[in-house]
Each structure stands twice: as structure tokens, then as C-alpha cells.
Amino acid sequence: MTAETTARTTGIDPRGPRFGAAVTSVLLVVVILLGQTPTATILLVVVTASFALGAVRGTQGTWQGWLFRTLVRPRLAPPAELEDQAPPRFAQLVGLVVTGIGLALALAGLGWALPVFAGVALVAAFLNAAFGFCLGCELYVVGRRLVAAR
């Protein structure tokens, strides 16, 4: 069985990561609107922790994934096809790095980093939620091609 065949039979519903990206987008907009406040910091901790869960367990292992499975997917038709979970998991790692850096800098006293790095993460999350363009997934594909070219 090829990797492509395995992804089609054991992959994830591609609408799940998009739903999670939509929820994450809303949270990141709130972080940006709250600016350099303690509430914004706490909310970015939640977003960063969610990315950490997604990087370790996959998008289906996050609380957004649970919401999708529990509240949204039962109301939808089955997906046309499933996708490999590796690219979205890598995208979660990218989100973790971006929001983690912003959080670390903010906690180190550079408050401007909180909305700036939340804004960077928001761009990627919004692209996925609104257009189905997963920036982290594309980075994953580029990375795989570079490794294969060696």
C-alpha cells in the first residue's frame, strides 16, 4: 500500500483543520485587539498550547478537533477524500514556533511582540480557514522536496 493510498483510507477530514484554523483566527484577532494586556497574554498561551497539542497529537487531538468531531462533522456529509495528517501536524508545529516566540518575547518584557506574532499566526490561520491554503502544509511539502533532492 502506497503512502497516498494509506492517506486516503486512514487520513483526516480536511475540513477539521480548516475549522480549527477558523477558531484559532478568531482567538488571534481577539489577542491583537487586546494588545499588550494580561488577558491577551493568557489567550496567546491558550493558542500556543493548542498548537503544541496539534504538533504532538495532530489536529484531531486538539480541543478544536474535538469541537469539530463532536459538533460539526456529525452534521456534514462524509468528506470526498481524506488527507495525510503529517502536513497539518507540521503546520501546527510552525504555529507553535511563531506564537511561542511571540509569547516568550512578550514575557521577557517586549510587549509589542504579542500582537505582532499573533498577527503573523493570524495570516496563516486565516488563509487556511478562508481559502483552504495551509501555509504550514506548503512548507512541509517544500521541506520534503528539499530532503528528497539530496
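The values are calculated or read from the model by the stated rules, or taken from the named source; none is laboratory data. Being a predicted model, the structure only gives us computed values, none of them experimental. Virtual Cβ from ideal backbone geometry, glycine too; neighbours counted across all protein chains shown. Heads up: the accessible areas ignore ligands, DNA and RNA and are worked out on the full protein's heavy atoms, side chains in. Shrake-Rupley method; radii C 1.70, N 1.55, O 1.52, S 1.80 Å.
Points to keep in mind about this one:
- Near pairs, Cβ below 7 angstrom, 6+ apart or cross-chain, from the range 55-76 (in contact (Cβ under 8 Å) with a residue 60 or more places away in the chain) to any residue that is in a helix (DSSP H, G or I) and open to solvent by 90 Å² or more (accessible area, probe 1.4 Å): none
- One residue from LEU96, LEU28, LEU67, LEU71 being open to solvent by less than 20 Å² (accessible area, probe 1.4 Å) and on the phi < 0 side of the Ramachandran plot: LEU28
- Hey, ARG75 touching a helix residue (DSSP H, G or I) at 6+ places or on another chain (Cβ under 8 Å) and among the basic types (Lys, Arg) or not: no
- Residue in the range 99-109 that is most open to solvent (accessible area, probe 1.4 Å), counting only those that are free of Cβ contacts under 8 Å to residues at least 60 places away in the same chain and in a helix (DSSP H, G or I): ILE101
- Leading residue by the ranking (least open to solvent (accessible area, probe 1.4 Å)) among those in the range 112-150 that are touching a helix residue (DSSP H, G or I) at 6+ places or on another chain (Cβ under 7 Å) and outside any helix (DSSP H, G or I): CYS134
- Residues of the range 81-93 classified as open to solvent by less than 70 Å² (accessible area, probe 1.4 Å) and within 22 Å of PHE117 (Cα to Cα), total: 4
- Tally of residues being closer than 16 Å to GLU138 by Cα, in a helix (DSSP H, G or I) and not hydrophobic (A, V, I, L, M, F, W, C) across the range 60-93: 4
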